[in-house]
1. Tally up the residues in the stretch 273-296 that are surrounded by 16 or more Cβ atoms within 10 Å (Cβ to Cβ) and part of a helix (DSSP H, G or I), please.
2. Could you check the stretch 72-87 and list, in sequence order, the residues that are outside any helix (DSSP H, G or I) and at negative phi?
3. State whether one or more residues within the stretch 83-93 are modelled with pLDDT of 95 or more, under 13 Å from residue 146 (Cα atoms) and either of a type in the set (S, T, N, Q) or in contact with a strand residue (DSSP E or B) (Cβ under 9 Å, 6 or more places away or on another chain) (or both).
4. Could you say which residue among 321, 227 is in the same structural domain as residue 158 (by TED's automatic domain parsing) and under 15 Å from residue 137 (Cβ atoms)?
5. Kindly provide the set of residues from the stretch 233-266 that are in contact with a Gly (Cβ under 9 Å, 6 or more places away or on another chain) and modelled with pLDDT of 95 or more, ordered by number.
6. Just a yes or no: is a residue in the stretch 133-146 part of a loop (DSSP other than H, G, I, E, B), outside the structural domain of residue 69 (by TED's automatic domain parsing) and either within 14 Å of the chain's Cα centre (by Cα) or of a type in the set (Lys, Arg) (or both)?
7. In the stretch 18-49, which residue that is free of Cβ contacts under 8 Å to residues at least 60 places away in the same chain and in a loop (DSSP other than H, G, I, E, B) is surrounded by the most Cβ atoms within 10 Å (Cβ to Cβ)?
8. Only one residue in 235, 230, 199 is of a type outside the set (S, T, N, Q) and over 21 Å from residue 255 (Cα atoms), so which one is that?
Amino acid sequence: MPGAKHSHQTVCVTGAGGYIGSALVKALARERPGTLVLLDSCEYGLFEIQRYMQAAHPEVYCEPALGSVGDDRLLDSLFTRFHPDAIFHAAAFKHVALAERNPFAAISNNVLGTYALCQAALRHGVAKLVFVSTDKAAYPQSVMGVSKRIAELLALSFSSAAFRVNAVRLGNVIGSTGSVIPLILEQAEKGETISVTHPEATRYFLSLDQTISAILAAGSCDCEGQVLLPEFGEPVRIAELAAFLAGGSPIRFTGLRPGEKLREDLIGPDEEPMGIADGPLTVLNTRKLSRDDRENAVQRFSICIERRDMASLIESLLWLVPEYQPSKLIEESAALGATIGAAIGTTLAR
């Protein structure tokens, strides 16, 4: 493909076996890169994208790497062998309800994993990294959302002329695994009542093609250290979408789950649009973390996770993202943890 932006380059895709990651790998393969390093912690997803690549693009060398973005030794081994020119970081825990019930895992994977990946990329002279984020990072009310906002801040703090880092903030991707549209269609096919959280709940949607175009554009745009927004249409009411897709099936409103928002935001309180990049992408001027704040944050999160200290974790999240609104579930978890901790301390003191 003449003029392809990644022709003959080595490109690493994290989360390569996921819905977005695998589509991104297929798009990159059409640009005829020299090598694709495919990193994923899900064995089946990695197997499937490797199998596809062997059949559809045997001319592109692929290295399937089974493991976590937080594994420093694995990253050093891969980057020493393959010297990637670019990284597209799509690996994340993305389900709001699960992350709300597993906050330490979400912060460890989404925040500390992103930090480890950026550190490794910096050590090995990678030229650019694109962090795949979400609209849930703006005014977050969920652990998943705040973890992605903090991951944005950490990743962008590494950006420089030599190591260009940008974050692309997506909405709901139509058809993505476990998302609302496949769930509605599954319930309709089974003849079940369609579950919708709230009659006024709305979401921003992107097609898979729009998503991949936005990610690739973020890797090519002439800026660094910024959050980038693709073009979104008007937000869609989920109740109307369910009525259209379900073909007359009854709808039951279940109420918002912990961490879920009635309406998503695209731009946070410390951000403002500052222009348009090719894609087209809106460039947001966003807050920058100092190196000291970045390292302090990582240390704080590491200690909270090691000690399973929910109260301190909330404090650390709010220190970095003061607009974060913890759910009642998270607040109750912190209170319970403090009660248990006090009881253990009393017992040990006897």
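The values are calculated or read from the model by the stated rules, or taken from the named source; none is laboratory data. Computed from a prediction, not measured in an experiment: that's the story for all the values here. Every residue, glycine among them, receives a Cβ derived from its backbone with ideal geometry; neighbour counts consider all protein chains shown.
1. Adding up the residues that qualify gives 1.
2. Once the filter is applied, which keeps residues that are outside any helix (DSSP H, G or I) and at negative phi, the stretch 72-87 yields 84, 85, 86, 87.
3. Yes, that holds for at least one residue.
4. Result of the check over 321, 227: 227.
5. Scanning the stretch 233-266 gives 235, 259, 261, 264, 266.
6. Checking the stretch 133-146: not a single residue is part of a loop (DSSP other than H, G, I, E, B), outside the structural domain of residue 69 (by TED's automatic domain parsing) and either within 14 Å of the chain's Cα centre (by Cα) or of a type in the set (Lys, Arg) (or both).
7. Across the stretch 18-49, the extreme among qualifying residues is 33.
8. Just a single option satisfies the conditions, and that option is 230.
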